[in-house]
Amino acid sequence: MRREWRRLLRIGAAAAAVAAFAVMLLAPQAFERPLAVLTKFGQPAIYDRDSLLSLTLAHVGIVAAASLAALVVALSIGIFVTRPAGAQYLPLARAVANLGQTFPPVAMLAVAVPLTGFGARPTLIALFAYGLLPIFENTIAGLKGVSPQVVEAARGMGMTDGRILKEIELPLALPVIIAGLRISIIVSIGTATIGSTVGARGLGEIIIAGLQADNLAYVLQGGVLVAMLAVLADFGLGFIERRARQPRSP
Amino acid sequence: MITVDALTKTYGPVRAVDGISFELAEGEALALIGPSGCGKSTTLRMINRLIEPSAGRVLIDGVDTRSIPPAALRLRMGYAIQGIGLFPHRTVAQNIATVPRLLGWPRARIAARIEELLDLFGLPPAVFAHKYPHELSGGQQQRVGVARAMAGKPAVLLMDEPFGALDPITRARLQDEFLAIRRRMGTTVLLVTHDMDEAFRLADRLAVMEKGRIVQLDTPEALLRRPASAFVQSMVGNEDRGLKLLSLAGVAALMRPAEGWAPAGEGTFRKAGGQEALAPLSASASLREAASRLVLTGVDELPVVDETGNLVGTIDMARIIAFGGGRR
């Protein structure tokens, strides 16, 4: 009964978040009056230099591309270093992933721009490097968390290593891996705003424009849109994570 | 048939298993028994090559197991372990289907095999096939674990303390069930256990191991009557060896015809000239139960009945003692 209530509450909150986000995106004029309070005389309250929808799609696109690349790379390396043959590379891989996380994305942009030029590319690189660690660490934690007895039983029954990975280890580690992906994506959605400083299209543009013109209404509008996007992504990925966990939850 | 020939496993200077040899005939159940660290599990795991032997060889139907790829070899050997190792993300039916699926059986044959095994282990398929392991009790999980190991009709079933994690009552019940299933299916079993009663109950022969070697390989009766060393004697039981011997034999084999006994009402019988009306023993009882009843009742002869309550004979203390002395 309580579980049922919690489920309904979750669905209700998600629906409200989607509705609020849709209004903000498609009919921003609805917020003109409250936002106008923050503007100085004569400044527009609603960002109108570009379509909000198109900026959001660009933002989502760049996050998706970077996270997908981070997922593929972190998952592959995570699998490799948990095999007997790759175990010796675990400390090295950890060090590299940690470096990606500790190196500030802004600094990464500064390094990447001279190499790749302005635009989406340096942003992609920064987000990719920044997003590796949570996926990598969770892949390792998920795979190491699989009961050794279960793996031993699988091997003893005649499953090959490849099959054990595909049919036993990865499905059992999946919820933990998705949790890592979730953290990585949410952090990326926020971090992607700095991409606008080097000319990548995204919701960061609104914030940057607000900062340049000293328009608080823009800053708030951009910030809230990014935050809502992160909240929605969290809901969606949380849903997927619970689905992956389902058959085993007591 | 499985032949184990001078099998050895060394870890550095330590000889965990030291030149073990035995043969396992088709349909036979052999138990490797000994204290922890005696090498019994290592021996079992070398047979399906979860551990590679340092020396020696294993033949299955005359073929050296080293010539068979490990995964293919293991598909021919069932494997049931303590703690079960059921796949938590798969249903009971999917768990049991593991080896048949790897063997590439057609779908209908797999479904029929799942149903057959669930029925055999007293788990109605309609109720249990689609449950997940966490929805089962420990005993039910253990049954599924053994059913899964038998699913691919393996040439031999390797079991490592398969009933170890259960409470004594559930364990005894599962042992009885498994014994009945094994007799019916003629399964060849290699069992690892440290529980002597389990070994006596389930196995035709026992290999008692100490420090990586087999110190005696014999039938339960021979182990009890003629333990080869003080160590074997301590393994089979110092004080209650005689009683254990009695639990190996049934009343039916030792009865003599009931002469002069007559029904005395309510299922009891009275001997001609005797005072007491005595409740009978079942013909399927062990000599140990018979001795226990004789002692408790304070008489030296008891009537024996079959399942339907018909008087079939009598058992007396002198015959039980004669059996104990090997003079039957």
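The values are calculated or read from the model by the stated rules, or taken from the named source; none is laboratory data. Worth saying up front: this structure is predicted, and the values here are computed from it rather than measured. Please note: Cβ atoms are built from the backbone with ideal geometry, for glycine as well, and neighbour counts cover all protein chains shown.
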Item to check | Answer from A:LEU26, A:LEU75, A:LEU8, A:LEU68 - the residue that is under 30 Å from A:ALA141 (Cα atoms) and free of Cβ contacts under 8 Å to residues at least 40 places away in the same chain | outcome: A:LEU68
Next on the checklist: Would you confirm, using the coordinates I've provided, whether B:SER36 is surrounded by fewer than 19 Cβ atoms within 10 Å (Cβ to Cβ), modelled with pLDDT under 90 and not β-branched (Val, Ile, Thr)?
Outcome noted: yes
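Okay, residues lined up against (1) among the basic types (Lys, Arg); (2) under 15 Å from the mean Cα position of the chain (by Cα):
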| residue | (1), (2) |
| --- | --- |
| B:GLU135 | no, no |
| B:GLY145 | no, no |
| B:ALA155 | no, no |
| B:ILE169 | no, no |
| B:ARG173 | yes, yes |
| B:GLU177 | no, yes |
Checklist entry - Do we find that B:LEU224 is modelled with pLDDT of 90 or more and in contact with a helix residue (DSSP H, G or I) (Cβ under 8 Å, 6 or more places away or on another chain) in this structure? => result no
Checklist entry - Based on what the data block shows, is B:ALA126 more than 9 Å from every other protein chain (Cβ to nearest Cβ), more than 23 Å from A:ILE164 (Cα to Cα) and among the small types (Gly, Ala, Ser)? => result yes
Checklist entry - Before we move on, is B:THR187 part of a helix (DSSP H, G or I) and either closer than 26 Å to B:TRP105 by Cα or of a type outside the set (Lys, Arg) (or both)? => result no
Checklist entry - Which one of these is crowded, with 16+ Cβ neighbours inside 10 Å, among the hydrophobic types (A, V, I, L, M, F, W, C), assigned to a helix (DSSP H, G or I) and within 14 Å of chain B (Cβ to nearest Cβ): A:VAL146, A:VAL176? => result A:VAL176
Checklist outcome for this item: Scanning segment A:126-142 residue by residue, those under 21 Å from B:HIS89 (Cβ atoms) and either small (Gly, Ala, Ser) or within 14 Å of chain B (Cβ to nearest Cβ) (or both) turn out to be A:ALA141, A:GLY142
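Yes/no matrix, rows are residues, columns are (1) touching a strand residue (DSSP E or B) at 6+ places or on another chain (Cβ under 7 Å); (2) within 30 Å of B:ARG226 (Cα to Cα); (3) β-branched (Val, Ile, Thr):
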| residue | (1), (2), (3) |
| --- | --- |
| B:ALA279 | no, no, no |
| B:LEU294 | yes, yes, no |
| B:VAL304 | yes, no, yes |
| B:GLY309 | no, no, no |
| B:VAL312 | yes, no, yes |
| B:ILE320 | no, yes, yes |
Item to check | Odd one out for B:ALA72, checked against (1) without any contact (Cβ under 8 Å) to a residue 60 or more places away in the chain; (2) surrounded by 19 or more Cβ atoms within 10 Å (Cβ to Cβ) | outcome: (2)
Item to check | So A:ALA154, is it buried (at least 19 other Cβ atoms within 10 Å of the Cβ), touching a residue at least 60 places away in the same chain (Cβ under 8 Å) and either assigned to a helix (DSSP H, G or I) or within 14 Å of chain B (Cβ to nearest Cβ) (or both) | outcome: no
Checklist outcome for this item: Scanning segment A:120-134 residue by residue, the ones that are over 13 Å from A:THR191 (Cβ atoms) and not hydrophobic (A, V, I, L, M, F, W, C) total 1
Checklist outcome for this item: Scanning segment B:90-104 residue by residue, those within 7 Å of another protein chain (Cβ to nearest Cβ) and either free of Cβ contacts under 8 Å to residues at least 12 places away in the same chain or among the β-branched types (Val, Ile, Thr) (or both) turn out to be B:THR98, B:VAL99
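Residues are listed down the side, and each one gets a yes or a no for (1) buried (at least 20 other Cβ atoms within 10 Å of the Cβ); (2) closer than 27 Å to B:HIS134 by Cα; (3) at pLDDT below 85:
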position	(1), (2), (3)
A:ILE183	no, no, no
A:ALA200	yes, no, yes
A:ILE206	yes, no, no
A:LEU211	no, no, no
A:TYR218	yes, no, no
A:GLY223	no, no, no
A:ARG242	no, yes, no
A:ARG245	no, yes, yes
Checklist entry - Within segment B:211-238, can you find the residues that are among the aliphatic types (A, V, I, L, M) and either touching a Ser or Thr at 6+ places or on another chain (Cβ under 7 Å) or closer than 16 Å to B:HIS194 by Cα (or both)? => result B:ILE214, B:VAL215, B:LEU217, B:LEU223, B:VAL232, B:MET235, B:VAL236
Next on the checklist: Only one of B:ARG201, B:ARG205 is under 16 Å from the mean Cα position of the chain (by Cα), modelled with pLDDT under 90 and not assigned by TED's automatic domain parsing to the domain that holds B:ASP300. Can you tell me which?
Outcome noted: B:ARG201
Checklist entry - From the list B:ILE47, B:ILE33, B:ILE68, B:ILE51, which residue is under 20 Å from the mean Cα position of the chain (by Cα), of a type in the set (Val, Ile, Thr) and within 13 Å of chain A (Cβ to nearest Cβ)? => result B:ILE47
Item to check | segment B:227-248 - residue that is without any contact (Cβ under 8 Å) to a residue 12 or more places away in the chain and in a helix (DSSP H, G or I) and, of those, surrounded by the most Cβ atoms within 10 Å (Cβ to Cβ) | outcome: B:GLN233
Checklist entry - Would you say A:THR160 is among the polar types (S, T, N, Q), within 14 Å of chain B (Cβ to nearest Cβ) and out of contact with any Gly (no Cβ under 7 Å at 6 or more places or on another chain)? => result yes
